Amino acid sequence: THPPRPSCVMWRICLRLRAQRRLLLNRPPVDPTFSMWSWPAFQPPARAYGPPTERKRFYQNVSISQGEGGFEINLDHRKLKTPQAKLFTVPSEALAIAVATEWDSQQDTIKFYTMHLTTLCNTSLDNPTQRNKDQLIRAVVKFLDTDTICYRVEEPETLVELQKNEWDPIIEWAEERYGVEIGSSTSIMGPSIPAQTREVFTSHLASYNMWALQGIEFVVAQLKSMVLTLGLIDLHLTVEQAVLLSRLEEEYQIQKWGNIEWAHDYELQELRARTAAGTLFVHLCLESTTVKHKLLQE
């Protein structure tokens, strides 16, 4: 099975970013020695989503340029580097434009915890956990053992019915789409996932490149569900749908008991932002190296 291509919507996002940032291209040569992450307060993230970190914005212009290893990000006349001082180079122009837009959209303060595409690129380039492709795939498949939508409650009846109505169709879709058996369980141990199911998903994930796999693991960690993530990557679900399905029990409790409005809204928006960024990252990592010039001019 091969990864799906991005939808027209995602293409339009990339093209809109490109149209808004034409000045990112064709900047003067930059200083190759600059490392954005060299100040003492910053520590490289051990996982794809690092701790909140801020720094005063020190650059005026952001641009991209094409080098031997791919596309680079330039802050004024300096090339961006990773936390491990590697040249920040991404495999596609569309991804470079998206990352450059993250940097260009920062205000007086650079808020690194909002820059999910940049962080995912750093993780892919530095590979701080030193995992190979097989280890990364195993880590993703292991999420099946604790997949959110496979765990069901026995009461109250209204929540039981809600889980059945909302989650069962997604499981049925995945079972049909991949020709596997997943199921669900009310046991604290979760469902018993057949070995054949794991093998099928392992084979499917092997068709993705390492960068895309980093993004997939990131999205799975946000949604706490491999099944929802596959539905999202396969364009069967939208980000909004996947996030709400991952929070089904929380949303049920909020509707029943109420919530602290600002806290709930913030948490929901943050989850949507991380999930959307991870999904976009996966699709941009599957893109060809260069976006067609003709399309960029439209």
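The values are calculated or read from the model by the stated rules, or taken from the named source; none is laboratory data. From a predicted model like this one, the values you see are computed outputs, not experimental measurements. Every residue, glycine as well, gets a Cβ built from its backbone with ideal geometry; the counts of neighbours run over all protein chains shown. Heads up: the accessible areas ignore ligands, DNA and RNA and are worked out on the full protein's heavy atoms, side chains in. Shrake-Rupley method; radii C 1.70, N 1.55, O 1.52, S 1.80 Å.
Table: residues versus (1) more than 29 Å from T101 (Cβ to Cβ); (2) among the small types (G, A, S); (3) in contact with a helix residue (DSSP H, G or I) (Cβ under 8 Å, 6 or more places away or on another chain).
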residue	(1), (2), (3)
L117	no, no, yes
L120	no, no, yes
K142	yes, no, no
D145	yes, no, no
E154	yes, no, yes
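Only one of the numbered conditions (1) modelled with pLDDT of 95 or more; (2) over 27 Å from A273 (Cβ atoms) is not met by V153, and that is (1). In region 151-173, the residues that are within 20 Å of E240 (Cβ to Cβ) reach residues that are open to solvent by 30 Å² or more (accessible area, probe 1.4 Å) and in a helix (DSSP H, G or I) with C-beta atoms within less than 7 angstrom, at least six apart or across chains, in these pairs: L162/Y252.
Say whether the condition of being crowded, with 22+ Cβ neighbours inside 10 Å, at pLDDT 95 or above, aliphatic (A, V, I, L, M) and not in a loop (DSSP other than H, G, I, E, B) is met by at least one residue in region 199-208. Spell out the reasoning first.
We begin by selecting, within region 199-208, every residue crowded, with 22+ Cβ neighbours inside 10 Å; these are 201, 205, 208.
Next cut, at pLDDT 95 or above only: 201, 205, 208.
From what is left, the residues that are aliphatic (A, V, I, L, M) are 205.
Add one more test, that the residue is not in a loop (DSSP other than H, G, I, E, B), and what stays is 205.
Yes, region 199-208 has at least one match.
Screening region 185-198 for residues that are open to solvent by 70 Å² or more (accessible area, probe 1.4 Å) and polar (S, T, N, Q) and picking the one that is farthest from I170 (Cα to Cα) gives Q196. Under the condition of being open to solvent by 40 Å² or more (accessible area, probe 1.4 Å) and either β-branched (V, I, T) or out of contact with any strand residue (DSSP E or B) (no Cβ under 8 Å at 6 or more places or on another chain) (or both), the residues counted in region 119-159 number 18. Condition first: surrounded by fewer than 17 Cβ atoms within 10 Å (Cβ to Cβ) and part of a loop (DSSP other than H, G, I, E, B). Now tell me which residues in region 237-276 satisfy that. Those that are surrounded by fewer than 17 Cβ atoms within 10 Å (Cβ to Cβ) and part of a loop (DSSP other than H, G, I, E, B): T238, G258, N259, I260.
Listed residues I182, I171, I233; which is modelled with pLDDT of 95 or more, within 14 Å of V141 (Cβ to Cβ) and open to solvent by less than 20 Å² (accessible area, probe 1.4 Å)? Outline the logic, then answer.
Numbers: I171 fails: within 14 Å of V141 (Cβ to Cβ); I233 fails: within 14 Å of V141 (Cβ to Cβ).
Selected residue: I182, the only one of I182, I171, I233 that is modelled with pLDDT of 95 or more, within 14 Å of V141 (Cβ to Cβ) and open to solvent by less than 20 Å² (accessible area, probe 1.4 Å).
Look through region 77-118, keep the residues that are out of contact with any strand residue (DSSP E or B) (no Cβ under 6 Å at 6 or more places or on another chain) and small (G, A, S), and return whichever of them is nearest to K56 (Cα to Cα). Once the filter is applied, the top-ranked residue is S105.
Within region 54-77, which residues are within 24 Å of the chain's Cα centre (by Cα), closer than 20 Å to K111 by Cβ, surrounded by fewer than 15 Cβ atoms within 10 Å (Cβ to Cβ) and without any contact (Cβ under 8 Å) to a residue 40 or more places away in the chain? None; the set is empty.
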